[in-house]
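Colleague: Okay, here's the structure, questions in a sec.
Read-outs: derived from the displayed coordinates by stated rules, not from any lab. Note that the coordinates shown come from a computational prediction; the quantities given were computed from them, not determined experimentally. All Cβ positions, glycine included, derive from the backbone under ideal geometry; neighbour counts span all protein chains shown.
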Amino acid sequence: MLKEKVIIFGVNDFAQLAHYYLTNDSEHEVVAFSVHQAYIKETSFFGLPVVPFETVETFYPPTAYAFFAPMSPAKMNRVRHDVYHEIKAKRYRMISYVSSKSTHFNNQIGDNCFILEDNTIQPFVTIGHNVVMWSGNHIGHHSEIKDHVMFTSHVVLSGHCVVEPFSFFGVNSTIRDGLVIAEGSLISMAAAVFKNTEPWSVYKGNPAVKSSVSSRDIHF
């Protein structure tokens, strides 16, 4: 079977990891990397060409190639959001990577998702577009994760939760069942959330309390 040819957006650690996972654990063939012209420092990355995003379709037309943009959560996932829509505007299909070493149950998963090993995604969970889930998370049954969200590692999201766009979950954070995590919520490392959150807010501690800092001001 022919492997689908994919361009990865980025030339950083996330891009390197994506190249490794797609090469060793998917039915895709990475053929190039792409970033905006202003960020090109070398013309190759891991032996593959780095092409300017502004003109990428002249080298790799969207009729024959797909894209993958597994980017960091910079500016509360808003940078990844912007790139996602720039790629969509060029009419590329965007793939998702779901590790063969994750546990899932025919869940609905959107495009440009990067889901690594040892994630447990229980039945009746839905995941939107442009979501990154690092390794070792538990996503409880009947939960809904919307677009442009980032889970780090060892996060427990209990059942029947709704996660609104642009949210971020730090390592070892825990969310009680049935909660709504509002748009742009930043759940800090090891925080335990027992109540619905407020939009663009930061939560720390156990039990988690709202910080005076807005997550809009977080730049990572």
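Colleague: Apply the Karplus parameterisation 6.51 cos²θ - 1.76 cosθ + 1.60, with θ equal to phi minus 60°, to every residue of the stretch 25-40 and state each ³J(HN,Hα) to the nearest whole Hz, in sequence, with x for glycine and proline.
Modeller: Couplings: 8, 7, 9, 10, 10, 7, 10, 6, 10, 8, 9, 4, 3, 5, 9, 7 Hz.
Colleague: Additional query: Give the total of Lys-Lys pairs in the chain with Cα-Cα distances below 21 Å; include a pair only if its members are 8 or more places apart or on different chains.
Modeller: Count of close lysine pairs: 11.
Colleague: Helix 13-24: angle to the longest alpha-carbon principal axis of the chain, degrees 0 to 90, nearest 10?
Modeller: Tilt relative to the chain: about 70 degrees.
Colleague: Rg and Dmax of the stretch 97-209, using alpha carbons, in Å: what are they?
Modeller: 12.4, 37
Colleague: Please state the equivalent ellipsoid semi-axes for the stretch 17-122: what are the square roots of 5 times the Cα gyration tensor eigenvalues, largest first, in whole Å?
Modeller: Ellipsoid semi-axes (Å, largest first): 25, 16, 14.
Colleague: Could you grab the Rg to Rh ratio for the chain? Cα atoms only, Kirkwood for Rh.
Modeller: Radius of gyration relative to Kirkwood radius: 0.99.
Colleague: Taking the Cα atoms only, what angle lies between the long axis of helix 78-89 and the longest principal axis of the chain, rounded to 10 degrees?
Modeller: 40
Colleague: By count of other Cβ within 10 Å, fewest leading, how are L17, L186 ordered?
Modeller: L17, L186
Colleague: Treat the count of other C-beta atoms within 10 Å as a stand-in for reagent exposure and order F169, F220 from fewest to most. Walk me through the intermediate numbers first.
Modeller: Details: F169 30, F220 12.
By the 10 Å Cβ count, ascending: F220, F169.
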